[in-house]
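The next block holds one structure in the form of structure tokens; read it before the comments.
Every number here is computed from the coordinates shown, using simple stated rules; none is lab data. Since we're looking at a predicted model, the values are computed, not measured. All Cβ positions, glycine included, derive from the backbone under ideal geometry; neighbour counts span all protein chains shown.
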Amino acid sequence: MKFFYKDLTVDVPSNVYYPREDSTLFADFLCKYLKNQKFKNQKSILEIGCGSGFLSILVARLTGAKIVAADISKEAVACAKQNAKNNSVDIIVKQSDLFGNIKGKFDLIIFNAPYLNEQDELVEENIRRTWTGGLKLIEKFIKNSKNFLTKNGEILLLASSATGDVLKLFQTNCFKADIVERKKIAWEELLIIKANISIEKKV
């Protein structure tokens, strides 16, 4: 199945997460945010949970930076590689459980997190298998992310009001975090959170 965003087209098989409102919200925000010259060319950017590769391909086009895209699913990795090739974009795609197979440090880490909690009755069964993780997974991501950020590196993470208090998770792990974008949909509010390591809390 094809997904279209502006002049970008990606193919998404049934076993890979198909971009939804959360993905397009993130994409719209990144189009505005990455106009900032500090992310151009010489910088390195990591996407965790890249799925079809949609956001990584978009970011590569916007910045020309070195892009590493990672996903736990081998099907998603194959899909992202093919979509990058189809869109004439050069990105590195790795199979990795969060940071498990990642090396180096990055100026920006983006994560359209699997923010739904598995026990949520509103989670559809086809999503439950591949798009759940909620606070537990996000907390694991936050705790490990510090080892992969450059000195002034930033995180952009998309979560939901239904996930729980993600801001508090960042703050208790010595990050300064703020909600920079939000969108109300159906029974939840989508939130994009920007975070960086808090100098004041470093020991």
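Each of the peptides 149-160, 55-66 was scored by the mean count of other Cβ atoms within 10 Å over its residues; in descending order, highest first, they stand as 55-66, 149-160.
Kindly rank 45-52, 29-36 from highest to lowest mean number of other beta carbons found within 10 Å of each residue.
Put in order of decreasing packing, that is 45-52, 29-36.
Normalised size of region 1-114, defined as Cα radius of gyration per 2.2 N^0.38 Å with N residues, equals 0.96. Within the shell defined by Cβ-Cβ distances under 12 Å, the residues around L190 carry a net charge of -2, with Lys and Arg each +1 and Asp and Glu each -1. Can you grab the distance from the C-alpha centre of region 1-72 to the C-alpha centre of region 130-198, Å, no decimals? Answer, in whole Å: 18. If you build the Cα gyration tensor of region 15-67 and take the root of 5 times each eigenvalue, what three semi-axes come out, in whole angstrom, biggest first? Equivalent ellipsoid of region 15-67: 20, 13, 7 Å, largest first. Quick note on region 2-201: its Rg to Rh ratio, both from C-alpha atoms and Rh being the Kirkwood radius, is 0.93.
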